[in-house]
Amino acid sequence: MVQRLQAIIRIVIVLVAVTALAGCGEDLGVDQHGRKVAAERLDGQWLVINYWAEWCGPCRSEIPELNALAPELEKQSVGVFGVNFDGLQGEELTRAAQALGIEFTVLAKDPAERYELPPSDALPVTYIVDDKGKVRERLLGEQTAEGLKARLQALRQEG
């Protein structure tokens, strides 16, 4: 009887732990290739989140800068992510990202609510979010790789 009760208690503990951990792994939808983006890819690191659209001329100029910057920042635990301003999904998002030559991850699910990103009516807009999920900077207009690196470095030194 005691062994049976202990076994039931173990099962209940495991079920509670699994349920609790399942909530921690909230996913962020899919990327432009239809691959799931797990929250762990963004949590605990600095983020550069760029909003873009196909019709935005400065966005088209900025994309190559972000493409070049993304692999470099990844080595420093900084993720570069894009979000389509028009909310495109599925094949439309894939086509638009390909048309602009975007190589970094584009999130199909807008992370604005998750990171409390202030809304913007103008493009391009780039947000720098710290490793605790707090917005540290809102940069309006076309950014360069060098400018973003310098701003990130300054913000990281501030702590």
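Taking (1) farther than 28 Å from E158 by Cα; (2) touching a residue at least 24 places away in the same chain (Cβ under 8 Å) in turn, R95 satisfies each apart from (2).
Considering the range 28-64, the residues that are in a strand (DSSP E or B) and free of Cβ contacts under 8 Å to residues at least 60 places away in the same chain include one that is least open to solvent (accessible area, probe 1.4 Å), namely A38.
If I go through the range 150-159 residue by residue, how many of them are of a type in the set (A, V, I, L, M, F, W, C), open to solvent by 40 Å² or more (accessible area, probe 1.4 Å) and closer than 15 Å to E74 by Cα? Walk me through how you get there before you give the answer.
Just the residues of the range 150-159 that are of a type in the set (A, V, I, L, M, F, W, C), to begin with: 150, 152, 154-155.
Remaining after also requiring open to solvent by 40 Å² or more (accessible area, probe 1.4 Å): 150.
Adding the requirement that they be closer than 15 Å to E74 by Cα leaves none.
The number of residues fulfilling the criteria is 0.
When you look at I102, is it β-branched (V, I, T), buried (at least 19 other Cβ atoms within 10 Å of the Cβ) and in a helix (DSSP H, G or I), yes or no?
Details: β-branched (V, I, T): yes; buried (at least 19 other Cβ atoms within 10 Å of the Cβ): yes; in a helix (DSSP H, G or I): no.
Spelling it out, it is not the case that I102 is β-branched (V, I, T), buried (at least 19 other Cβ atoms within 10 Å of the Cβ) and in a helix (DSSP H, G or I).
Criterion first (more than 26 Å from G34 (Cβ to Cβ), modelled with pLDDT under 95 and among the aliphatic types (A, V, I, L, M)) does A122 satisfy it?
On the way: more than 26 Å from G34 (Cβ to Cβ): yes; modelled with pLDDT under 95: yes; among the aliphatic types (A, V, I, L, M): yes.
Here the answer is yes, as A122 does meet what is asked.
Out of the residues in the range 111-144 meeting the condition of being free of Cβ contacts under 8 Å to residues at least 40 places away in the same chain, open to solvent by less than 80 Å² (accessible area, probe 1.4 Å) and within 20 Å of N84 (Cα to Cα), tell me which one is nearest to the chain's Cα centre (by Cα). Restricting to residues being free of Cβ contacts under 8 Å to residues at least 40 places away in the same chain, open to solvent by less than 80 Å² (accessible area, probe 1.4 Å) and within 20 Å of N84 (Cα to Cα), the top hit is A112.
For G147, are the conditions met, namely being open to solvent by less than 70 Å² (accessible area, probe 1.4 Å) and on the phi > 0 side of the Ramachandran plot?
Numbers: open to solvent by less than 70 Å² (accessible area, probe 1.4 Å): yes; on the phi > 0 side of the Ramachandran plot: no.
Criteria not met by G147.
Do we have L93 as of a type in the set (A, V, I, L, M) and not in a strand (DSSP E or B) here? The answer is yes for L93.
The values are calculated or read from the model by the stated rules, or taken from the named source; none is laboratory data. Quick caveat, the model's predicted, so the values are computed rather than measured. FYI the Cβ positions are ideal-geometry reconstructions off the backbone, even for glycines, and counts take in every protein chain you see. Heads up: the accessible areas ignore ligands, DNA and RNA and are worked out on the full protein's heavy atoms, side chains in. Shrake-Rupley method; radii C 1.70, N 1.55, O 1.52, S 1.80 Å.
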